[in-house]
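Let me begin by presenting the structure, written as structure tokens, before commenting on it.
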Amino acid sequence: MGTALEAPAWPAITDEEAEAVLARFVGAGHLAALRWHSPRPFSAATLVETDRGTFFLKRHHHRLRSPAALAEEHAFMAHLRAAGQPVPEVIAARDGSHSVTCGDQVYELHARASGRDLYRDRQSWTPFLSHGHAYEAGAALARLHRAAGNFAAPARGAHPLVASFSILPSSDPQAAAQAYVAARPALSAFLAGGSWLQELSRLFAALGTGLAARLACQPPLWSHGDWHPSNLLWSAQGAVSAVFDFGLATKTCALHDLATAIERTAIPWLDGDPVPDAAAANALLAGYGSVLPLSRVDIADLVAVLPLVHVEFALSEIDYFAGILGDRDQAELAWQSYLIGHAEWFLSPTGQSFLRELGGRTAA
């Protein structure tokens with residue numbers, strides 16, 4: 001929630017660990033070197049060089065991603081690849097699955113994606129380097145949505161760290177939130193005794209009027225759920241050449257994914273007093289609209305969903321911190337600074353001005 005780098009919650013993958021795991025994947029070869037370790041906080045990952053090429057090896061605690069949970073996102077990735085999207089191939093394990101379990105850890109292996117990793121050393125949820133990148137990212141997101149249109153899998157289960165979509169479209173978001181919390185014991189225990197439901201009700205009263213009716217018109221769609229520049233690779237010409245990290249993906253709708261992309265990239269939340277970049281947001285929308293045109297109603301619906309688009313994932317983060325990591329301080333930060341703080345920012349003069357500027361709007 002700030003610009004300082006935090007120590008990883010999960011230990012880095014070691015040479016010995018990688019060598020043992022690679023032996024269980026088809027065609028992975030023998031380890032030559034580990035070339036880079038990801039600084040991302042929710043898992044451990046590394047670029048692995050072998051005598052067969054370079055791969056991306058990722059490790060999860062089984063409570064975060066079971067083999068069944070990984071299979072859900074791998075199926076979506078395979079569908080997108082078959083539709084011509086630049087999504088990395090997931091390497092098969094020798095038992096025919098696409099993950100390997102060792103004790104409490106679950107591993108997945110991806111072929112190296114094509115392109116330049118221009119954002120590798122930048123923190124997640126930081127802005128695009130240029131408005132041109134924002135435009136190209138918007139166009140790439142629209143192409144992904146078009147390819148996802150006939151993916152018919154049901155929404156994922158109650159896994160931690162998934163950008164699910166059950167509260168915002170509900171005609172009774174308070175009841176939907178209660179059901180969401182009740183399905184997650186660690187989250188329920190963390191919130192017990194507090195005024196969390198009253199806080200959510202206050203935010204929905206201020207920012208969510210008419211939202212369910214707007215979202216009822218949106219076709220369900222499996223979406224990426226975490227569209228920001230460090231989940232993209234880039235060509236020398238500045239276009240998106242690969243898309244990865246589908247860990248948050250599930251069935252939502254296109255506008256939810258598009259709003260998430262804006263929330264992740266156009267507002268520098270890691271700054272103490274964020275100054276949004278409406279031009280970057282509008283460049284992303286223009287890129288998206290160059291592939292899938294957006295009507296004035298679409299833009300109005302997007303503006304309506306944006307202030308609360310983070311709520312369900314914020315609750316999922318709290319579940320992760322309180323349950324899997326047992327870190328109450330981080331869970332409290334996710335509640336106060338992320339869920340509450342981000343929503344309240346949209347009620348500020350700066351936040352209201354940003355909403356008015358989206359899509360060339362002149363009034364809220």
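The values are calculated or read from the model by the stated rules, or taken from the named source; none is laboratory data. Computed from a predicted model, the values in this text were never measured in an experiment. Cβ sites come from the backbone with ideal geometry, for glycine too, and all protein chains shown count toward neighbours. For the accessible areas, the whole protein counts, side chains as well, though only heavy atoms, and no ligand, DNA or RNA atoms are used. Shrake-Rupley method; radii C 1.70, N 1.55, O 1.52, S 1.80 Å.
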**Prompt:** Can you tell which of A314, A304, A331, A280 is over 27 Å from Q198 (Cβ atoms) and either among the β-branched types (V, I, T) or out of contact with any Cys (no Cβ under 7 Å at 6 or more places or on another chain) (or both)?
**Reply:** A280
**Message:** Residue under question is A176, and the condition is that it be open to solvent by less than 40 Å² (accessible area, probe 1.4 Å), part of a loop (DSSP other than H, G, I, E, B) and among the small types (G, A, S); does it hold?
**Reply:** no
**Item:** The listed residue being of a type in the set (D, E) and closer than 23 Å to N150 by Cβ, out of D226, D271
**Value:** D226
**Item:** Criterion (within 25 Å of A314 (Cβ to Cβ) and aliphatic (A, V, I, L, M)) met by exactly one of A44, A32
**Value:** A44
**Fill in**
Here the residues within the stretch 314-345 that are out of contact with any Leu (no Cβ under 6 Å at 6 or more places or on another chain), crowded, with 22+ Cβ neighbours inside 10 Å and of a type in the set (F, W, Y) are F321, W335
**Message:** I need a count of the residues in the stretch 193-210 that are open to solvent by less than 70 Å² (accessible area, probe 1.4 Å), in a loop (DSSP other than H, G, I, E, B) and either in contact with a Lys or Arg (Cβ under 8 Å, 6 or more places away or on another chain) or within 20 Å of Q336 (Cα to Cα) (or both).
**Reply:** 3
**Asked** Within the set of pairs 6+ apart or on separate chains, which have a first residue in the stretch 148-162 that is closer than 14 Å to L248 by Cβ, a second that is among the acidic types (D, E) and open to solvent by 30 Å² or more (accessible area, probe 1.4 Å), and C-beta atoms under 7 Å apart?
**Response** R156/E72
**Prompt:** What are the residue pairs meeting all of these: first residue in the stretch 217-238, first residue within 18 Å of A283 (Cα to Cα), second residue open to solvent by less than 10 Å² (accessible area, probe 1.4 Å) and not in a strand (DSSP E or B), Cβ atoms under 6 Å, and 6 or more apart or on different chains?
**Reply:** W227/L141; W227/A261; H228/R264; H228/T265; P229/Y119; S230/Y119
**Complete:** (1) touching a His at 6+ places or on another chain (Cβ under 8 Å); (2) modelled with pLDDT of 95 or more all hold for F204 apart from (1)
**Item:** Unique match (being of a type in the set (S, T, N, Q), under 21 Å from H224 (Cβ atoms), modelled with pLDDT of 95 or more and out of contact with any strand residue (DSSP E or B) (no Cβ under 7 Å at 6 or more places or on another chain)) among S316, S348
**Value:** S316
**Request:** Inspect all residues belonging to the stretch 88-102 and state whether any of them is surrounded by fewer than 21 Cβ atoms within 10 Å (Cβ to Cβ), closer than 24 Å to R184 by Cβ and modelled with pLDDT of 95 or more.
**Result:** yes
**Item:** Any hit, the stretch 130-150, residues being outside any helix (DSSP H, G or I) and buried (at least 16 other Cβ atoms within 10 Å of the Cβ)
**Value:** no
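For (1) buried (at least 19 other Cβ atoms within 10 Å of the Cβ); (2) assigned to a strand (DSSP E or B); (3) modelled with pLDDT of 95 or more, each residue gets a yes or a no:
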site: A212; (1), (2), (3): no, no, yes
site: G225; (1), (2), (3): yes, no, yes
site: A242; (1), (2), (3): yes, yes, yes
site: I262; (1), (2), (3): yes, no, yes
site: P268; (1), (2), (3): no, no, no
**Prompt:** Would you call A278 more than 21 Å from T252 (Cα to Cα) and touching a residue at least 40 places away in the same chain (Cβ under 8 Å)?
**Reply:** yes
**Request:** Could you check how many residues of the stretch 289-311 are in a helix (DSSP H, G or I) and open to solvent by less than 10 Å² (accessible area, probe 1.4 Å)?
**Result:** 6
